[in-house]
Amino acid sequence: MIEELNQLGGSAPRLGDLPTGSSAAVWSLDTTREVIGGYDAGGAAELLDADERRRAARLLRPGDRRTYLASHLGLRVLLGGYLGTAPGEVRFVREDCPSCGGPHGRPAVAGGGVHFSLSHSDGLAYFAFAGVPVGVDVEGLPSAGAVADVLSSLHPAETAEVTALPEDGRRAALARVWSRKEAFLKATGTGLAEGLVEPYVGAAAAPATVPGWTLRDLPAPPGYAAALVVRTL
């Protein structure tokens, strides 16, 4: 499914072959870098489309805006490399929403060719690419207050698993659940429209089995949790 977590640095990335089937390529990026994949991070907005620039402009905190711009530059660098086109020439569309049929489902590349997913948290971004629907998510450890707020929204078994842990283990457990759940919701394109109860992904060190999908945790720096979901062929 995945062999390693690749790092996108300042130089043009060595990508290898475009992933096919349920094989996935996963990359991470330090979004505070000044140069990303050979491009100046300060000029990221020039390579983005109008919708991306509008979304970035709506972010009030400079750090959030920089993370968004850097991660979308990284996504374009990687997609452009896989598809053999310049980062600024990559065109995005939206698939139909599986819940309501509206044009706000998973983001996709115009013309297809590869499935992708992007997630960012603070100064860290993760990217995943595959030949089938894929979702990736990275999460910083939530606050104790966030744990209390979210617990009742999860699958009852997940709520019980997190609650059974000592106080000092609950934040990491919820980060695992949240990253696994978000990765799945990104892969399916449903987002939060249908809530957080399903699927059951588990709070233990190893994720639960999700029928029809391959779910696994990804390496992440201290203070983070990350997960990948790929449709099973």
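The values are calculated or read from the model by the stated rules, or taken from the named source; none is laboratory data. Predicted, not measured: the structure shown is a model, and the values here were computed from it. Cβ atoms come from the backbone with ideal geometry, glycine included; neighbour counts cover every protein chain shown. In case anyone asks, the SASA skips ligands and DNA or RNA and just uses the protein heavy atoms, side chains included. Shrake-Rupley method; radii C 1.70, N 1.55, O 1.52, S 1.80 Å.
Tabulated data for the structure shown
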quantity: Rounded FRET efficiency, nearest 0.05, which uses the C-beta distance separating residue 83 from residue 104 and R0 of 25 Å; calculated: 0.60
quantity: Projected label distance in nm at residue 152 and residue 216, using a 7 Å step from Cα toward the beta-carbon; calculated: 3.8 nm
quantity: Solvent-accessible area per residue, Å², over the chain with all protein chains present [probe radius 1.4 Å]; calculated: 47 Å²
quantity: Ordering of 109-120, 145-156 by packing [mean C-beta count within 10 Å, highest first]; calculated: 109-120, 145-156
quantity: At least 27 Å along the helix axis (C-alpha) and Kyte average at least -1.0, DSSP helices within the chain; calculated: 62-83, 167-188
quantity: Cleavage-rule hits (GluC sites (Glu not before Pro)) in segment 1-70: DSSP loop, at most 13 neighbouring Cβ within 10 angstrom; calculated: 3, 4, 34
quantity: Potential extension, residue 165-residue 96 segment - 0.36 nm per residue separation minus Cα distance; calculated: 20.9 nm
quantity: Amide H contacts of residue 36 (H built 1.01 Å from N, under 5 Å, at least 5 apart or other chain); calculated: 41
quantity: Highest-first arrangement of 75-82, 192-199, 221-228, 57-64, where packing means the average Cβ count within 10 Å; calculated: 75-82, 221-228, 192-199, 57-64
quantity: Accessible area of segment 93-166 belonging to carbon and sulfur atoms, whole % at 1.4 Å probe; calculated: 59 percent
quantity: Placed amide H near residue 97: partners under 5 Å, 5+ positions off or other chain; calculated: 102, 104, 105
quantity: Net charge, residue 189 excluded, C-beta distance under 10 Å - Lys, Arg +1, Asp, Glu -1; calculated: +1
